[in-house]
1. Looking at G73, is it free of Cβ contacts under 8 Å to residues at least 40 places away in the same chain, in contact with an Asp or Glu (Cβ under 9 Å, 6 or more places away or on another chain), within 20 Å of N96 (Cα to Cα) and small (G, A, S)?
2. D60 passes all but one of (1) free of Cβ contacts under 8 Å to residues at least 24 places away in the same chain; (2) over 21 Å from T26 (Cβ atoms); which number fails?
3. For the stretch 128-142, enumerate the residues that are of a type in the set (V, I, T) and over 11 Å from the mean Cα position of the chain (by Cα).
4. Scan (1) under 16 Å from V42 (Cβ atoms); (2) buried (at least 16 other Cβ atoms within 10 Å of the Cβ); (3) among the aliphatic types (A, V, I, L, M) for the single condition V135 breaks and write down its number.
5. Among the candidates A119, A101, A124, single out the residue that is under 24 Å from R27 (Cβ atoms), of a type outside the set (D, E) and free of Cβ contacts under 8 Å to residues at least 40 places away in the same chain.
6. Identify, from the list A101, A129, A58, A88, the residue that is over 19 Å from M149 (Cα atoms), of a type in the set (A, V, I, L, M, F, W, C) and part of a loop (DSSP other than H, G, I, E, B).
7. Take the stretch 34-50 and flag every residue that is over 11 Å from the mean Cα position of the chain (by Cα), farther than 16 Å from D118 by Cβ and polar (S, T, N, Q).
8. What's the number of the only condition in (1) over 25 Å from S138 (Cβ atoms); (2) crowded, with 17+ Cβ neighbours inside 10 Å; (3) in contact with a Leu (Cβ under 7 Å, 6 or more places away or on another chain) that V42 fails to meet?
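A short reminder: the numbers here are calculations on the coordinates, not readings from a lab. Just so we're clear, the structure is a prediction, and the values are computed from it rather than from any experiment. Cβ sites come from the backbone with ideal geometry, for glycine too, and all protein chains shown count toward neighbours.
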Amino acid sequence: MRHRSRPGAALILATVALALGAAAPTRTVTVTVTDLRSAKGVVRACMTTDAERFPRCAGDPASYRLVVPASEGSLTLTFKGVTPGRYAVALLHDENGNGKADRALGMMPREGFGFSRDAPVRMAPPRFADAVFPVADSDQKLTIKMRYML
């Protein structure tokens, strides 16, 4: 059964502000990514409010996406102009830069991955509800540990 999130007060206020002609306030979400094993390739990040499209964000025009060069150890990602709401972040350390999550034996990830709130992975990507965090009255700072299976 899929969990549907209900809009929070901040989202309702932003919607009312838009309806009244005022610009909705935006925020910055800063993500510190730790435990990167190499500087090979890029780190791909997507942030979405859509539980049905998490973790890939495919087809979500409202998602926020970043692609930055990888660096060994840690790096910082900054999502700017974020509309208040409930979001989840998914990361991929695309070491060979081919734009996809490579797998071994058809299912085990070969490259690094991470999720907001360091959501647990149990034989499949985490649920949106396990990775979701609020963006409301202030900028947000998150830390996500990159994980590698191989």
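1. Numbers: free of Cβ contacts under 8 Å to residues at least 40 places away in the same chain: yes; in contact with an Asp or Glu (Cβ under 9 Å, 6 or more places away or on another chain): yes; within 20 Å of N96 (Cα to Cα): yes; small (G, A, S): yes.
Criteria met by G73.
2. So D60 meets the others, but not (2).
3. Initially, the stretch 128-142 is screened for residues of a type in the set (V, I, T), giving 132, 135.
Of everything in the stretch 128-142, just one residue is of a type in the set (V, I, T) and over 11 Å from the mean Cα position of the chain (by Cα), namely V135.
4. Among (1) under 16 Å from V42 (Cβ atoms); (2) buried (at least 16 other Cβ atoms within 10 Å of the Cβ); (3) among the aliphatic types (A, V, I, L, M), V135 violates only (1).
5. Checking each option against the conditions leaves just A119.
6. After ruling out the rest, the residue left standing is A58.
7. If the condition is that a residue be over 11 Å from the mean Cα position of the chain (by Cα), farther than 16 Å from D118 by Cβ and polar (S, T, N, Q), then S38 is the only one that fits.
8. The failed condition is (3).
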